[in-house]
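Since every read-out is calculated from the coordinates, none of them should be taken as a lab result. Predicted model, so just to flag it, every value in this text is computed and none were measured. Because the Cβ atoms are built from the backbone with ideal geometry, glycine has one as well, and the counts that use them run over all protein chains shown.
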Amino acid sequence: MLEIKELKAPPSLELFSELVELLQDAVGGGASIGWTHVPSTKEARNYWSEVLEAVGRGERLLFVATDNHVCAGAVQIALAPRQNARHRGEMQKLMVHSQYRRRGTGQALIGAIEHAAAARGLTLLVLDVRVGDDAERLYKRCGYQYVGTIPGFTQSTKGSFEPTAIYYRRLGGAQA
Ligand SMILES: CC(C)(COP(=O)(O)OP(=O)(O)OC[C@H]1O[C@@H](n2cnc3c(N)ncnc32)[C@H](O)[C@@H]1OP(=O)(O)O)[C@@H](O)C(=O)NCCC(=O)NCCS
C-alpha cells in the first residue's frame, strides 16, 4: 500500500539505504537531477545526509513515498531564506524508483508536498525540468505554468548540454 509521509527526523538505517538506492536508480536511468554520473554509495549517502541536515534546520521539506514499507520515491522543496521570498519554494529532486513508476506515486508526492507547503503559508512554487522528460508532462498535468526554456542549462549523464524549462504554480488560490 502506498503511503506518503513527511520526513522530519532522521530515517531508519533501512530507509536511508533505500534513499541512497533511489538516487542511484534515478541517475542511472538518465534523470537530470544534479549528477552527470551515478553517485557512488558514499556520495549518495553524503548527499542525503546534507538533505536531512537542511530538513533539520528547517530549510527544506522532504516527503517520501513507501510501498509496503519500501521506499518508492521522494520529493523536496527548498525554502527561500530571504525575507522577501518566504512565500515561495523550489520543488526539487522528484524521484520515483523505476520499479514503482506509472502508478500515480509521482503525482501523489507532488500533491502531498504542495499541501504541506500551502499549510506553511507558501503561495508560490517554482521548478526547473529538462525539456521532454516524463516529469515535465507530470508537472503540467498537476497545474504548473510554463515560463520559458533555457537552452543548454544542464549537462546530461551522456555529456550533452540540454534545454531546461522553468515552471511555477500558485498555491492556495493565490493571485498571479
Ligand atoms: C517523473 C517521475 C517522478 C514520475 O513518477 P511516476 O510515479 O511514474 O508518476 P505518475 O505515476 O504519477 O505519472 C506518470 C505516468 O503514469 C501514468 N499513470 C499514473 N497512474 C497510473 C496507473 N495506475 N496505471 C497506468 N498509468 C498510470 C500517468 O498518467 C503518467 O502518464 P504519462 O507519463 O503518459 O503522462 C519518474 O518518472 C522519475 O522518477 N523520473 C526520474 C527522475 C526525474 O526525472 N525527476 C524529475 C526531476 S525535475
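List of remarks:
- Alpha-carbon centroids, region 137-161 and region 1-33: separation in whole Å: 22
- The Cα-based radius of gyration of region 2-123, divided by its Kirkwood radius, gives an Rg/Rh of 0.95.
- Rg over Rh for region 51-124 works out to 1.01, both radii taken from alpha-carbon positions and Rh defined as the Kirkwood radius.
- 3J(HN,Hα) couplings calculated from phi for region 160-170 with the Karplus curve 6.51 cos²θ - 1.76 cosθ + 1.60 (θ = phi - 60°) are, in sequence order, 7, 9, 10, x, 10, 9, 9, 10, 9, 8, 7 Hz; Gly and Pro show x.
- Spatial separation of Cα centroids for region 87-110 and region 49-63, in angstrom: 17
- Where only DSSP H runs of four or more residues are counted, the chain gives -10000 deg cm²/dmol as its mean residue ellipticity at 222 nm, each run worth -39500 (n - 2.57).
- Computed on the Cα atoms alone, the convex hull of region 108-176 gives a volume of 94 cubic angstrom per residue.
- Long-range lysine pairs (8 or more apart or interchain), the chain, Cα under 27 Å: 10
- Normalising the average separation of contacting C-alpha pairs (under 8 angstrom, six or more residues apart) by the number of residues puts the relative contact order of the chain at 21 percent.
- Spin-label model distance (nm) - Arg57 vs Glu162, 7 Å beyond Cα toward Cβ: 3.0
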